[in-house]
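One structure is given here, and the rest of the page talks about it.
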Amino acid sequence: LLIRDIVGGPVGNLPESATASNFGKVGDGTELSDIAAGLVRMISEVVGTVICLAAKSVKMEDRIVLVGTVPTIRIVGDQIKETIAMLGGHAVVPDKASYAAAVGAAMRAR
């Protein structure tokens with residue numbers, strides 16, 4: 001359920017499109033694909049929230065770079081970036097994000 005589903009509009013700084021309740025409509029007839037989509041959204045929102053709050057703690061919320069394979073999965077990366085933006089941060093996923101660890105290891109080995 002989204003905030004708009006419960007209160008009809010935004011609440012404070014949270015937009016009406018923000019999640020208000022995960023699995024609020026789950027019942028016996030719920031499709032497994034809907035449950036999977038809900039899990040992806042919930043996990044992505046938690047990851048985005050943790051990243052943004054950690055970045056804010058060191059005043060770097062406008063310089064977040066998401067690397068590794070996970071953020072290159074479009075639905076996951078987009079949801080993480082959307083959550084970060086909702087919390088006042090800005091994140092990017094570089095074109096070759098999945099190679100970041102390998103590049104770092106190669107540079108360290110020099």
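The values are calculated or read from the model by the stated rules, or taken from the named source; none is laboratory data. Nothing here was measured: the structure is a model prediction, and the numbers come from that model. Counting neighbours? That spans all protein chains shown, and the Cβs are built from the backbone with ideal geometry, glycine included.
Suppose we filter Val65, Val76, Val50 for residues that are touching a helix residue (DSSP H, G or I) at 6+ places or on another chain (Cβ under 6 Å) and modelled with pLDDT of 95 or more; which single one remains? Before the answer, list the steps.
Working: Val65 fails: touching a helix residue (DSSP H, G or I) at 6+ places or on another chain (Cβ under 6 Å); Val50 fails: touching a helix residue (DSSP H, G or I) at 6+ places or on another chain (Cβ under 6 Å).
Exactly one of Val65, Val76, Val50 is touching a helix residue (DSSP H, G or I) at 6+ places or on another chain (Cβ under 6 Å) and modelled with pLDDT of 95 or more, namely Val76.
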**Prompt:** When region 1-35 is examined, which residues are found to be among the acidic types (Asp, Glu) and closer than 23 Å to Ile84 by Cα?
**Reply:** Asp5, Glu16
**Message:** Go through region 1-45 and report how many residues are over 21 Å from Gly88 (Cα atoms), of a type in the set (Asp, Glu) and either at pLDDT 90 or above or surrounded by 12 or more Cβ atoms within 10 Å (Cβ to Cβ) (or both).
**Reply:** 3
**Asked** Has region 38-56 got at least one residue that is touching a Leu at 6+ places or on another chain (Cβ under 7 Å) and either part of a loop (DSSP other than H, G, I, E, B) or more than 28 Å from Val103 (Cα to Cα) (or both)?
**Response** no
**Asked** Only one residue in Ala91, Ala85, Ala106 is hydrophobic (A, V, I, L, M, F, W, C) and touching a residue at least 40 places away in the same chain (Cβ under 8 Å). Which one?
**Response** Ala91
